[in-house]
Amino acid sequence: MEELPVSCAVWCGKHWIYLDEVGSTNDYLKKGDFPDGTVVIAGRQTAGKGRRGKSWSGAPTGQALYLSVLFHSMKPDDMGLLPLLCGLAAARTLGDAARIKWPNDVLLHQKKVCGILCESRIQGSQVSAVCGIGINLNQPAAFFVENDLPHATSLLSVTGEERPVLTEACMLLDELEPILDQYRREGFAPFLPAYQALCATLGRQVQVIRAQQTVTAQAVSIAPDGGLVCSKDGETFVIRAGEASVRGLYGYL
Ligand code: BTN
């Protein structure tokens, strides 16, 4: 297997697979026997998966990055934190204007440029995580109008910069690998300040939709387990990504 071009990453993407077309890069990695850090990149997805059962496909080859990476030896707690760590890595590749909508959407100018779906994979006693990252790179603004995606954007539409898919993949792996190395050694605490600094949800009013009830609260900070700390009427509570959906009151945030 050839090395991924220009990547400095050592183990993340050392084993990588490029597919012209696949249903979902996440599903591809959920079956089969692959080493830690295996990366799958697809030119196109025909059944790409987003969070909450949404689909994530459709961009022509060369216009979006569809990448999944496999991490072995994960613990249950890791599954709540990996999306935040992947979001941090992706945001760092997308320039100074990139912000994170908790837990892991990356935004440029308040529109979504990157989505992340982390799934667990259990094979015998081995618990692994499949982290899927989709980044809108080179779609023109018209793509989002034609596909009725008013809250989405691409790097090209915002910055005018066209970035080849494999260049972005390498930039992403170069950010992700040291993050994962440090996370495996030291946990999430060292990343809290950096994550909070980029998290555009904090300090805003958010609508928390929970158990079919909607409450408006203030997003305050990120909990050590990756949850969103909110406050309402002097009371503080933490919501977790799987438990509640947070929609901001202003724009996409
Ligand atoms: C979201 O809804 O925001 C998550 C989108 C995740 C999309 C990526 S693209 C690569 C990987 N393969 C998939 O099927 N989904 C993820």
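Every number here is computed from the coordinates shown, using simple stated rules; none is lab data. Note that the structure is predicted; figures quoted are calculated from it, not measured. Note that we place each Cβ from the backbone using ideal geometry, even for glycine, and neighbour counts take in every protein chain shown.
Only one of these is assigned to a loop (DSSP other than H, G, I, E, B) and within 17 Å of Leu137 (Cβ to Cβ): Ala91, Ala97, Ala9, Ala47. Name it. Walk me through how you get there before you give the answer.
Numbers: Ala91 fails: assigned to a loop (DSSP other than H, G, I, E, B); Ala9 fails: within 17 Å of Leu137 (Cβ to Cβ); Ala47 fails: within 17 Å of Leu137 (Cβ to Cβ).
When all the criteria are applied, what remains is Ala97.
Which residue is nearest to the ligand (Cβ to nearest atom), if the candidates are limited to region 6-56 and must be farther than 20 Å from Lys112 by Cβ, free of Cβ contacts under 8 Å to residues at least 40 places away in the same chain and among the basic types (Lys, Arg)? Restricting to residues being farther than 20 Å from Lys112 by Cβ, free of Cβ contacts under 8 Å to residues at least 40 places away in the same chain and among the basic types (Lys, Arg), the top hit is Lys31.
When region 117-151 is limited to residues that are in contact (Cβ under 8 Å) with a residue 40 or more places away in the chain, of a type outside the set (Asp, Glu) and near the ligand (Cβ under 10 Å from one of its atoms), the one that is surrounded by the fewest Cβ atoms within 10 Å (Cβ to Cβ) turns out to be Leu117.
Output the helices (runs of 4 or more DSSP H) that fall wholly within region 136-253 and possess 3 or more residues being farther than 15 Å from Ala90 by Cβ and of a type in the set (D, E, K, R), or say none.
165-186
When region 211-223 is filtered for residues that are surrounded by 14 or more Cβ atoms within 10 Å (Cβ to Cβ) and not β-branched (Val, Ile, Thr), the ones remaining, listed by number, are Ala217, Gln218, Ala219, Ser221, Ala223. Looking only at residues in region 57-80 that are surrounded by fewer than 18 Cβ atoms within 10 Å (Cβ to Cβ) and either of a type in the set (Gly, Ala, Ser) or in a strand (DSSP E or B) (or both), the one that is farthest from the ligand (Cβ to nearest atom) is Ser73.
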